[in-house]
1. Being surrounded by fewer than 24 Cβ atoms within 10 Å (Cβ to Cβ), β-branched (Val, Ile, Thr) and more than 19 Å from Asp141 (Cα to Cα) is the filter here; which residues of region 157-206 pass it?
2. Checking Ile543 against (1) in the same structural domain as Arg442 (by TED's automatic domain parsing); (2) at pLDDT 90 or above; (3) of a type in the set (Val, Ile, Thr): exactly one of these is not met. Which one?
3. Show the residue pairs that are 6+ apart or on different chains and have beta-carbon atoms under 6 Å apart, the first residue being within region 498-515 and in a helix (DSSP H, G or I), the second being surrounded by fewer than 12 Cβ atoms within 10 Å (Cβ to Cβ).
4. Within region 466-493, count every residue that is more than 54 Å from the chain's Cα centre (by Cα) and either assigned to a strand (DSSP E or B) or closer than 14 Å to Arg456 by Cβ (or both).
5. Could you run through region 553-570 and say how many residues are under 24 Å from Arg582 (Cβ atoms) and of a type in the set (Ser, Thr, Tyr)?
6. Any residue at all in region 581-588 that's surrounded by fewer than 19 Cβ atoms within 10 Å (Cβ to Cβ), in the same structural domain as Pro644 (by TED's automatic domain parsing), of a type outside the set (A, V, I, L, M) and touching a residue at least 60 places away in the same chain (Cβ under 8 Å)?
7. Which one of Glu477, Glu511 is modelled with pLDDT of 90 or more, in contact with a strand residue (DSSP E or B) (Cβ under 7 Å, 6 or more places away or on another chain), of a type in the set (Asp, Glu) and surrounded by 13 or more Cβ atoms within 10 Å (Cβ to Cβ)?
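The values are calculated or read from the model by the stated rules, or taken from the named source; none is laboratory data. Being a predicted model, the structure only gives us computed values, none of them experimental. In this analysis, Cβ positions are derived from the backbone assuming ideal geometry, glycine residues included, and neighbour counts consider all displayed protein chains.
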Amino acid sequence: MDTPANDADADATDLVGPPGGVGTVTPMMRQFLAAKAEHPDALLLFRMGDFYETFYDDAVEASRILELTLTSRNKKDDDPIPMAGVPHHALAAYLPRLIEAGKKVAICEQLEDPKAAKGIVKRAVVRVITPGVVFDENILDRRTHNYLTAIARAPRDGEVGLCWIDVSTGDRRGATLPDLAQALDELGRVEPREVLVAADDDALDHAVRFAVPGVTVSRVPLTADRSSPLASAVEMAADYIGDTQKGGALLLRDLEVVELAKTLRVGPATVRNLELVRTLADGRRKGSLLALLDHTRTAMGSRRLKQWILYPLCELAAIRRRHDIVGALVDDPMTRGLLRDALDGVYDLERLVGRVSAGSATPRDLIALADSLERLPELAATLTANGHPALAALATRLDPVPDASAAIRRALVDEPPATLKDGGVIREGFDPDLDELIQIARDGKTWFADYAQRLRDASGINSLKIKFNNVFGYFIEVTRANLEHVPATWLRKQTLANAERYYTPELKEREEKILGADERRLALEQGFFDALRERLGTFGARIQATAAEVAAVDVLATLAEVAQRHAYVRPEVVAAPVVDIRGGRHPVIEALLPAGEFVPNDIALDGDGARMVIITGPNMAGKSTVMRQVALIALLAQMGGFVPADAATIGLVDRIFTRVGASDDLSRGQSTFMVEMTETARILAEATRQSLVVLDEIGRGTSTFDGVSIAWSVAEHLHDTIGARTLFATHYHELTELALTRDGVANMSIAVKEWKEEIVFLRRLVPGGTNRSYGIQVARLAGLPRPVIGRAREVLANLEANALDPDSRPKLARGKGKARGDQWQLDLFAPPPTPSRLLEALAEVDPDGLTPRSALDLIFELKALAASESDQERPR
């Protein structure tokens, strides 16, 4: 898009040089270069009339991201300046794309009306938007926090401080971690949009980019030594936010120091493997635990639910308080329904008050704020009416801040326009001077209608109209067919193809009066609105506190709703290191299947008894599902929810570790086996007796003997040294022998039903191990060619018989009665064989419709087909 500047000072023709270059620079470009020098790391959007322009490298980058036409300023010059721009009214559409691309954007506005300016228009950067400092609802995801995170390291003892802030909601938290590895894990759990690191810490910058791929990393100065790395991180974040707001004071909550010992910790691998917030397959929300649970009615509740999933509790009293409330709402569906209906009328209080504090709230934002606050008494009354003490306690914390909603109702009309510049925002009766201007505007409409009729009567031009636009003001429009009737006293204003536009001295006088009144009205409304916004800011902390309580009510009601819909039960959470689940189900998979089809399972782990279960069985039988569902049930219990089971007792878990699945990490140069060993090493280093460990197929990425050895020693260490509750799935059946020497190890397997060469997965976990993996049957189910399956059976038979050749070597390549030289070679990647005509013919037979004669004919026909296919498959 070619967007030439249309500013009054943009037509200079002096030579403009690049930043730092030599040449004569226009005053306007000096403004641009000065603003750019203040924000060298930001893409500068420079307001010029009706456009935001970009220049130099910013223009090249903006044209690429926004798909704009790249033009140039001073095209005839030897070194023209690259330029690209967007209409000012379309900024809301373009800005999200720049932020999504990880760009920091500085907005440089005109501070005065170009028509009234004496000389060059004054301009200044009024705000800076970064991926981590955003208020615009067009950019933000309503269901998730938008965190800016600062990370700082202690110079000597290795401690790391994290501070994460969502400026749009005021949420501000911090934590101190013992080392960088755990800090990076925590960073992954926070899921920041932007991370701040010290400008001179290259190693930390590199580590953050590897730990959180795709995150925007900003280097900032660390200006002072602080008492702790957490204090340094808090200071870094505060300074950075202050720079973006140009001196404006944001409303942030007091720092909440997260005591990680009071939370069930789940690292990035566990979040990923359990699919807590997005799926492994495509990284989407749909299909995750979060998507299953999220029946919240407010944006605040949705964000809080995600927080509870990622930060479950680790204190018995707090967990039981949540269970009490969820239980009360499960038992009282009427109260639950009334609560959820009331929540439907509550807007995003957190982000509304955030925009108020940032000075970006619109008139409609304030009406939404008042509407929401006025729903809270109904919410509180519903909680109190139930009679449960825990619900009544919640009600006392819902402060409706009546002075705030009253101030809004007193000042604003019930249905204001989208923006202040449209006018008509302030209610009549609020101010006498404003009322007078409103009356002038109202009378003006009547006057124009009357005046138009007088002109029609005097001229005989019945089709004439009085119109208005921002360029020409008010005018009389006459079609060409009626020009001969225009009085000589009318003054021509504009000629169109099919009409002429005129004005009269009387019309001009009225125009000046009306437009003057409109300008004064807009100025007054702006002042009153700014004052109202400032007054509401004084209630900000109270509204934030109430918003947090509303979010909690929403989540608790949602957990009760989910429990009722899916027949979840209240778990018993205890201090002892046990897991005892009866009829446990995987919450997400169960919801995807038709009702009643999911097969429930029992599992028992006891830190003082059988604390490790070795699970064997074929692929596809459901081992991974069983292990994941145990971890998910523990997490659901400790976040305060009910669980998918007939009964469940969960001993407090401090951390959940999972080593599930296989994948390379090519970006780090790590093979599947290396990834597996790295994750296993972290588990062995950090797990405690109170942890829950889920391991799937340890040691499969190397040779069989190496794999068995590693898996065996890992299992021994977890059992003997750490003592963690552990579920260990494996195809190494040798590991079942651990139960012979250790009382704390139990064997279980997934039941399989065999019939001839067919297998049926029963999905049932039963006591005892198995020494069969049914790999060939699974391969057949997957569609491997029949010759491949047949050959695999021969090789398996040789292996199981320990068949040796005369030199005592396994005869893996031997066929039935054939020497290796005679055995035909099989291409594993050959196309599937031709479908069997014999099987197709059999499938079409209707036994009940056969006569004795036709049955005999069919037998001969099938025999011929069988002989034909046998000849085709014989190796040559």
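1. Thr176
2. All conditions are met except number (1).
3. Listed by first residue and then by second, the contacts come to nothing, as the list is empty.
4. Of the residues in region 466-493, 12 are more than 54 Å from the chain's Cα centre (by Cα) and either assigned to a strand (DSSP E or B) or closer than 14 Å to Arg456 by Cβ (or both).
5. Number satisfying all stated conditions: 1.
6. Checked region 581-588: at least one residue is surrounded by fewer than 19 Cβ atoms within 10 Å (Cβ to Cβ), in the same structural domain as Pro644 (by TED's automatic domain parsing), of a type outside the set (A, V, I, L, M) and touching a residue at least 60 places away in the same chain (Cβ under 8 Å).
7. Only one candidate passes the filter, namely Glu477.
Yes or no, residue by residue, for (1) of a type outside the set (S, T, N, Q); (2) within 19 Å of the chain's Cα centre (by Cα); (3) more than 20 Å from Leu230 (Cα to Cα):
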residue	(1), (2), (3)
Cys108	yes, no, yes
Val126	yes, no, yes
Asp136	yes, yes, yes
Arg172	yes, yes, no
Val190	yes, yes, no
